[in-house]
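Visitor: My questions will all concern the structure given below.
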Amino acid sequence: MKTIINTIITTLILVGVLSCSKDDLPDPYPSDYLNYETQTELEIPFNEEWWIFWGGRSVSENYHVAYREQRFALDIVQRINGSTHTGNGTQNEDYYCFGKRLNAPGNGKIVDVVNNIEDNTPGQFNQEFPTGNRVIIDHENGEFSILAHFKEGSIIVSVGDVVVKGQELGKAGNSGNSSEPHLHYHMQNSANPFDADGLPAQFQNYYANESFVERGEPVQNEYVIDDN
């Protein structure tokens, strides 16, 4: 069971390019924003070291690349000694990131909150509510941050609140189209999570695999931690 949870289920963090060879991966979405530079001053939205499960600009390292809204999205977990959980991984509480604090990545206004979606049992999905519990931040410059899959009832901000980067939003969970606790993050050019163009999100002042990054985009297999 542990092997199934840790290797196959982990790969199922979100429905994506599973059982595909490099020859039959979908094409990247033809974004007009490949050279876009993030205007918002962004910081990594958690306090401890997390690991980039899906991230980067190629479909092979980040299945989101095939989709318009999620063109530059990240899926992030905590991983210790090669595993995202203790025990057999059958309970959300087994996962290192479950219930961990998630923060606003940049200043802005809260324009959407969902907080009442039940957390999944690991290995199961709720495709009826893909983002699960979520927070959407309007950075008031044409950029919107979407943070998804919060723990049910853990979000402590409301629509209309003004937040500053680093301010707590809620706790990491396993709600929505998610097979295990993790954070899904992406930036886009409207508040509608299902009808927008994804934008590159360049974070400032963080460490990736123990190397300092002044400004960059985290990619798959990097351990990242904020330095602000």
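The values are calculated or read from the model by the stated rules, or taken from the named source; none is laboratory data. In this text the structure is predicted, and so the values were computed from the model without any measurement. When we count neighbours, we look across all protein chains shown, and the Cβ atoms used for this are built from the backbone with ideal geometry, even at glycine.
Visitor: Given the conditions (1) within 13 Å of Ile137 (Cβ to Cβ); (2) surrounded by fewer than 16 Cβ atoms within 10 Å (Cβ to Cβ), and given that Asp227 satisfies all but one, which numbered condition is not satisfied?
Guide: That leaves (1) as the condition not met.
Visitor: Which of (1) more than 25 Å from Gly153 (Cα to Cα); (2) modelled with pLDDT of 95 or more; (3) assigned to a loop (DSSP other than H, G, I, E, B); (4) not hydrophobic (A, V, I, L, M, F, W, C) is the odd one out, the single condition His64 does not satisfy?
Guide: (3)
Visitor: Can you find even one residue in the range 124-137 that is among the β-branched types (Val, Ile, Thr), assigned to a loop (DSSP other than H, G, I, E, B), more than 16 Å from Pro45 (Cβ to Cβ) and at pLDDT 95 or above? Even if it seems obvious, please write down each step before you answer.
Guide: So in the range 124-137, the residues among the β-branched types (Val, Ile, Thr) come out as 131, 135-137.
Then drop every residue that is not assigned to a loop (DSSP other than H, G, I, E, B), which leaves 131.
With more than 16 Å from Pro45 (Cβ to Cβ) added as a condition, the list becomes none.
Within the range 124-137 (the criterion being among the β-branched types (Val, Ile, Thr), assigned to a loop (DSSP other than H, G, I, E, B), more than 16 Å from Pro45 (Cβ to Cβ) and at pLDDT 95 or above), the answer is no, since none of the residues qualifies.
Here's the yes/no breakdown for (1) under 21 Å from Glu69 (Cβ atoms); (2) in contact with a helix residue (DSSP H, G or I) (Cβ under 9 Å, 6 or more places away or on another chain):
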{"position": "Asn103", "(1), (2)": "no, no"}
{"position": "Gly108", "(1), (2)": "yes, no"}
{"position": "Val163", "(1), (2)": "no, no"}
{"position": "Glu180", "(1), (2)": "no, yes"}
{"position": "Pro193", "(1), (2)": "yes, no"}
{"position": "Gly198", "(1), (2)": "yes, yes"}
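For (1) over 14 Å from Pro105 (Cα atoms); (2) without any contact (Cβ under 8 Å) to a residue 40 or more places away in the chain, each residue gets a yes or a no:
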| site | (1), (2) |
| --- | --- |
| Ile155 | yes, no |
| Lys165 | no, no |
| Glu180 | yes, no |
| Asp195 | yes, no |
| Ala201 | no, no |
| Glu210 | yes, yes |
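Visitor: Moving on. Considering only the range 9-38, state which residues are surrounded by 14 or more Cβ atoms within 10 Å (Cβ to Cβ), over 23 Å from Asn92 (Cβ atoms) and either hydroxyl-bearing (Ser, Thr, Tyr) or at pLDDT 95 or above (or both).
Guide: Pro28, Tyr29, Ser31, Tyr33, Tyr36, Thr38
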